[in-house]
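This report refers to the structure that appears directly beneath it.
The values are calculated or read from the model by the stated rules, or taken from the named source; none is laboratory data. Please read these numbers as outputs of a predicted model, since none were measured by experiment. Here the Cβ positions follow ideal geometry from the backbone for every residue, glycine too, while neighbour counts run over all protein chains shown. The accessibility values were calculated without ligands, DNA or RNA, using every heavy atom of the protein model including side chains. Shrake-Rupley method; radii C 1.70, N 1.55, O 1.52, S 1.80 Å.
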Amino acid sequence: MHANQKTTTWGSKRRQAVVWVVGTVSLVLAVLTLCISLRSSYWYPRIYFFWIIAPPAWFFVEFYFVFDRRDEPDMVDLVKAGQDVSQKFWAALIILLAGIGYFQWHLSIH
């Protein structure tokens, strides 16, 4: 790599691996969440609570403890853009789960 080229990654290999593992596990959990939420009124509120709390906690941990290049404005913008996309995915999942809760469990009780 030339001296004047900037690296496009935003952290060490270990930090990148942490983000990839958390992201992959989150996607798998999202699919399992939808399947379980459709079948279990017992697990539904617990799963919904997890998805309300866990992603914002991860965004905080990622920015303050995993991301290690806050002194580079381009990298900060890259992380913020990634978190913005992730937050939209998270919001869509929360809305989907709320819909499952309302239509599957709320309406079936009455």
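With respect to the conditions (1) within 18 Å of Trp105 (Cα to Cα); (2) in a helix (DSSP H, G or I), Ser41 lacks only one, and its number is (2).
For Ala54, the test of being part of a helix (DSSP H, G or I), open to solvent by 40 Å² or more (accessible area, probe 1.4 Å) and aliphatic (A, V, I, L, M) is failed. Counting only residues that are in contact (Cβ under 8 Å) with a residue 12 or more places away in the chain and farther than 19 Å from Ala91 by Cα, region 24-56 holds 1 of them. Annotation: of all residues in region 58-77 being under 17 Å from Val18 (Cα atoms) and open to solvent by 50 Å² or more (accessible area, probe 1.4 Å), the one that is modelled with the lowest pLDDT is Asp68.
Restricting to region 57-85, count the residues that are assigned to a helix (DSSP H, G or I) and free of Cβ contacts under 8 Å to residues at least 40 places away in the same chain.
Result for region 57-85: 17.
What is the one condition in (1) surrounded by 11 or more Cβ atoms within 10 Å (Cβ to Cβ); (2) at pLDDT 80 or above that Val21 does not satisfy? Going through (1) surrounded by 11 or more Cβ atoms within 10 Å (Cβ to Cβ); (2) at pLDDT 80 or above one by one, Val21 breaks only (1).
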